[in-house]
Amino acid sequence: MIKKIIWAMLLIVSCRSEVLALETQTHQMLNAYISNVATPDGFNLDSYLKKNLGLSDGIREVVSANLSVWEWLRDGGEYEDVPAWHLKYVRSVNHFYAPISNKGLKGTANSSLQWALMPKGTQNVGGYYSWFDARDYFYQALTGTNKAIRDDYYGKTFRSLGQLTHLVQDLSVPAHVRDDAHVLTISALGNYQYYEKWVKANADIGGLSAHPVFFDLNALSKANSLGSVPVANLFDTNTFTGINPNVSTMRNIGLSEYTNPNFLSDNTMFTPDYLYPGKNWLEVWTDSTVNRKYLKKLYEGDPVNHLAAVSWLYWYRLVYFPQGDQYLPVGVDPQCHSEYASKLIPYAVGYSAGLINSPVA
């Protein structure tokens, strides 16, 4: 009973957007970028709006509340975290997805996949912006009897898509796919910023977005056993089982299946719940630019040079106290964040763009 009370208290403390997701400003920047990106099949939102929907200004078409299409898409990235605080409900607790268990945060909240695919009109706080709500808004926009009605629903459509891409982008955050609420955590290497905060403060979002990693378009149209529509494949294709990390280098798996086995989060450093990244094939090396030792992952998935930073005493403890290996002080520092972002942001962009180009069925 005491454990449940403590967890409930931590969950309440954690229900703030800045500790549970990429920062809202980052989501806005990513969404602004994907409004212009072209997917490998040549799909471009601006061209689609002009040629197929008759919106002559494309993504710059002002539709409702004096905002253009791309601005609604951009701001949807922020609104998915609104309200950021509510005593009973908060949207951001539904932004977690563990690809092995297919569950959300601590198994108590909706997974982000469940949240994205909630039936029309059933998301419980902050409005209705699931995939099925977006489809309905789009239908209303196409069939509206006058321009005012159509513009209003276009605004809701692209706000919804912005909120859905937010969910996809959160799959690129290790904590979100490793069931790690990362609340009140103090790193063994010092109180470093969380990955999300580091990205907001330091990452070159524009530069990293310039080379997106796209989901295989052929896989995008396939049925998914975890969700009723093909867009679920962007989240998880049920290919990664927890013991086959090499599938994570494929381009026809969900984003959670790439992030989970290749990166660490603050509270999932070589824990029994996550076999990968594993300790068996790691190398210790010294980054002379910062004069610190790091763990390097060369095998079992995507190579990562700065997988984790280690303490100054790491090597000696490894040699003389091997029985303490499970508790060796490691953590993710700014060098790790930088390499993580260089790999994960392109995925966040490419997979987000894939959602915009997903089959409506």
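Each value in this text was obtained by applying a stated rule to the coordinates, not by laboratory testing. Keep in mind the model is a prediction, meaning the values are calculated, not measured. Glycine gets a Cβ as well: all are built from the backbone with ideal geometry, and neighbour counts include every protein chain shown.
Summary table below
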{"quantity": "Theoretical FRET efficiency, 1/(1+(r/R0)^6), r = Cβ-Cβ of ALA223 and ASN244, R0 25 Å, to 0.05", "calculated": "0.70"}
{"quantity": "Residue pairs, from the table LYS200/LYS343; LYS51/LYS222; LYS103/LYS296; LYS50/LYS156; LYS120/LYS156; LYS50/LYS147, whose Cα atoms sit over 21 Å apart", "calculated": "LYS51/LYS222; LYS103/LYS296"}
{"quantity": "Pairwise centroid distance, computed over Cα atoms, of segment 59-83 with segment 100-147, Å", "calculated": "17"}
{"quantity": "Förster-model FRET efficiency, 22 Å R0, SER56 and ILE149, C-beta, rounded to 0.05", "calculated": "0.75"}
{"quantity": "Per-selection Kirkwood Rh - segment 195-349 (Cα, Å, 1 d.p.)", "calculated": "16.8"}
{"quantity": "Kirkwood Rh, Cα atoms: Rg over Rh of segment 2-181", "calculated": "1.01"}
{"quantity": "Extended-chain gain in nm, criterion 0.36 nm per residue less alpha-carbon gap, THR286 and SER342", "calculated": "18.2 nm"}
